[in-house]
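Report on the following structure.
The values are calculated or read from the model by the stated rules, or taken from the named source; none is laboratory data. Not measured: the values here are computed from a predicted model. Cβ sites come from the backbone with ideal geometry, for glycine too, and all protein chains shown count toward neighbours.
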Ligand SMILES: Nc1ncnc2c1ncn2[C@@H]1O[C@H](COP(=O)(O)OP(=O)(O)OP(=O)(O)O)[C@@H](O)[C@H]1O
Ligand SMILES: [Mg+2]
């Protein structure tokens, strides 16, 4: 074992539903004290994997350990350490926010007064004080999601599963949830977060596993995943549309890269392969000089890191034939 404690360790994890291999041989290693992102499209197997790790489903093959404890043989020990905020969460719509938290607090073993003070503390921390006495069915989506997360950390868990905590939320509510996740981690809880949003994983997670069809197709830090598909992307905007063909040729040759199709007749996008970011900047400035030398006027130019969206498309396109 290394020096770093593992919150989650899975080897060859499998779960099938009839013909569907929802989780198909997943190996994960999640360091304690971090946010770990599990990224994948609809049906990738994210919820199934989380439910196995939270002891709600039995795996059909492989092994999973939470802080060294087997999720099947030591399910009780694991249950005491984890908490799950589901994609479809479990607060009672007819109760108020504070009633829900007090009730759930009693269920996880707090005495009446402790349950009430923990509820008040969380409602304050999550900006729900004003909504505390309102029925949950009258909450907005963002308020509801914050309450769901509050409900899952009534007892500070060692490991918190957040299954798509921001799906369907507006940007402001997403930001609030992100702040909550950061606060939870700062408190020492390890967070496994599933998401379909690459920017979300990018912002929050120290490492990311990209899963598709039940398999991990890539794993690493957000930066490493991005640079795995190229050093960057050059965007150029021309003044004259008729120069686009010539500009594409020059850029393609100078950057040893392909020019991506673009609907805008003035715009050109080129993905630079391999190498470091610094190398990319040097190549890009040389390419610009060559455009100028050919008398092509550039109105706008930018060099960006590839987005995780591009990474995801590149990764899933590779696997598309299988
Ligand atoms: N109880 C079940 N019975 C049968 N099939 C299931 C069951 N649960 C999940 N599946 C199937 O397993 C696969 C993975 O589903 P899962 O819910 O884990 O995906 P997901 O990554 O969470 O997707 P989403 O982003 O839509 O939540 C899908 O093909 C799904 O239809
Ligand atoms: Mg799901």
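In table form, for the structure just shown:
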| read-out | value |
| --- | --- |
| Whichever residue in the stretch 183-196 is outside any strand (DSSP E or B) and in contact with a strand residue (DSSP E or B) (Cβ under 8 Å, 6 or more places away or on another chain) and, among such residues, is farthest from residue 111 (Cα to Cα) | 196 |
| Residue within the stretch 121-141 that is under 12 Å from the mean Cα position of the chain (by Cα) and on the phi > 0 side of the Ramachandran plot present | no |
| Strands (runs of 3 or more DSSP E) wholly inside the stretch 9-77 that include at least 3 residues being more than 16 Å from ligand 2 (Cβ to nearest atom) and surrounded by fewer than 20 Cβ atoms within 10 Å (Cβ to Cβ) | 20-31, 61-66 |
| Residue check for residue 172: within 18 Å of residue 131 (Cβ to Cβ) and crowded, with 24+ Cβ neighbours inside 10 Å | no |
| Test: residue in the stretch 57-64 that is in the same structural domain as residue 77 (by TED's automatic domain parsing), closer than 28 Å to residue 187 by Cβ and in contact (Cβ under 8 Å) with a residue 12 or more places away in the chain | yes |
